[in-house]
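All remarks here apply to the structure that follows.
The values are calculated or read from the model by the stated rules, or taken from the named source; none is laboratory data. All of these numbers come straight from a predicted model, not from anything done at the bench. Neighbour counts are summed over all protein chains in view; Cβ atoms, including those assigned to glycine, are modelled from backbone coordinates with ideal geometry.
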Amino acid sequence: MQIAIFKLEQGDQKECKKLLEDGKSTLDSMTDIDPSVYASYYWVSSQNYKHRQEFAEFYKSALLYLAYTAVESLSDSFKLDLAFDLSLSALLGDNIYNFGELLAHPIIKSLLGHSELCRVHNTALRAQPALVQNEQKLLEKINILCLMEIIFSRPSENRTIPLNVIAERTKLSIEDVEHLLMKSLSVHLIEGIIDQVEGTVHVSWVQPRVLGIPQIKSLRDRLDNWLDKVHTALLSVEAETPDLVAS
């Protein structure tokens, strides 16, 4: 892996890729491997994808690198750079619509104190070629994430959503909302039916995702509400069928 990263730094991507493939084959044939060996492999793999600007693959490899690495062993500057790269790849990577795993990782704390990043460093951000070149894709992803949050915030029995509600939350036209829904359906983030006559969408399924504490609390509240409904229904049945209950 050290040779592979050296080859990558020399610009020899072909040889780096070959060494990575050989390394993966060797790893798969071994048992009881020290985590640092896996960490080395996934680090080189992530840097190879970063060099090729394959954002989604970099994101996966970098998270796997962190899975085999003690975060406290990394320098502050290294953690900040990696947290930035991970955040950027999460935003720009194809089919990455769930940031829960990244947000739950301790390395993201390296970005705390940077809440004014977009405002204070606007010029620097605009100088990021990847962000500028993928601006439309990024806006689409933001709107899709907003759509999924709208769906998730509703109870399962109330998933018929007026398109104008989505339009208001996403700041899109009704026509653009329809395109947004079709995109979400096509990449299998949601399942449902768009009713253009009624101006609604009925969502029957939304892709599972890693949940934050506020979302887990919301699920708990829904479960409590569901238990209350079940208890009320049980009391109603018992009151209406005393003979059946007694038997």
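Of note:
- Given (1) touching a helix residue (DSSP H, G or I) at 6+ places or on another chain (Cβ under 8 Å); (2) part of a helix (DSSP H, G or I); (3) among the hydroxyl-bearing types (Ser, Thr, Tyr), index of the condition residue 36 fails: (1)
- Residues that are in contact (Cβ under 8 Å) with a residue 12 or more places away in the chain and not hydrophobic (A, V, I, L, M, F, W, C) within the range 193-224 comprise 196, 199, 200, 202, 204, 207, 209, 212, 215, 218, 222, listed in sequence order.
- Among the residues here, residue 30 does not qualify as of a type in the set (A, V, I, L, M, F, W, C), farther than 30 Å from residue 138 by Cα and touching a Gly at 6+ places or on another chain (Cβ under 7 Å).
- Checked against (1) under 25 Å from residue 84 (Cβ atoms); (2) loosely packed, with under 15 Cβ neighbours inside 10 Å, residue 20 passes all but a single condition, namely (2).
- Criterion violated by residue 99 - all others in (1) out of contact with any helix residue (DSSP H, G or I) (no Cβ under 6 Å at 6 or more places or on another chain); (2) within 29 Å of residue 149 (Cβ to Cβ) satisfied: (1)
- In the range 104-132, residue nearest to residue 174 (Cα to Cα) [restricted to those that are part of a helix (DSSP H, G or I) and at pLDDT 80 or above]: 108
- Test set (1) surrounded by fewer than 16 Cβ atoms within 10 Å (Cβ to Cβ); (2) not in a strand (DSSP E or B) - residue 193 fails condition number: (2)
- Meets criteria (closer than 29 Å to residue 208 by Cα, out of contact with any Asp or Glu (no Cβ under 9 Å at 6 or more places or on another chain), outside any loop (DSSP other than H, G, I, E, B) and not assigned by TED's automatic domain parsing to the domain that holds residue 149) for residue 58: no
- From 138, 219, 181, 147, residue being in a helix (DSSP H, G or I), touching a Ser or Thr at 6+ places or on another chain (Cβ under 9 Å) and either aromatic (Phe, Trp, Tyr) or closer than 30 Å to residue 89 by Cβ (or both): 147
- Test: residue 63 is in a helix (DSSP H, G or I) and in contact (Cβ under 8 Å) with a residue 40 or more places away in the chain: yes
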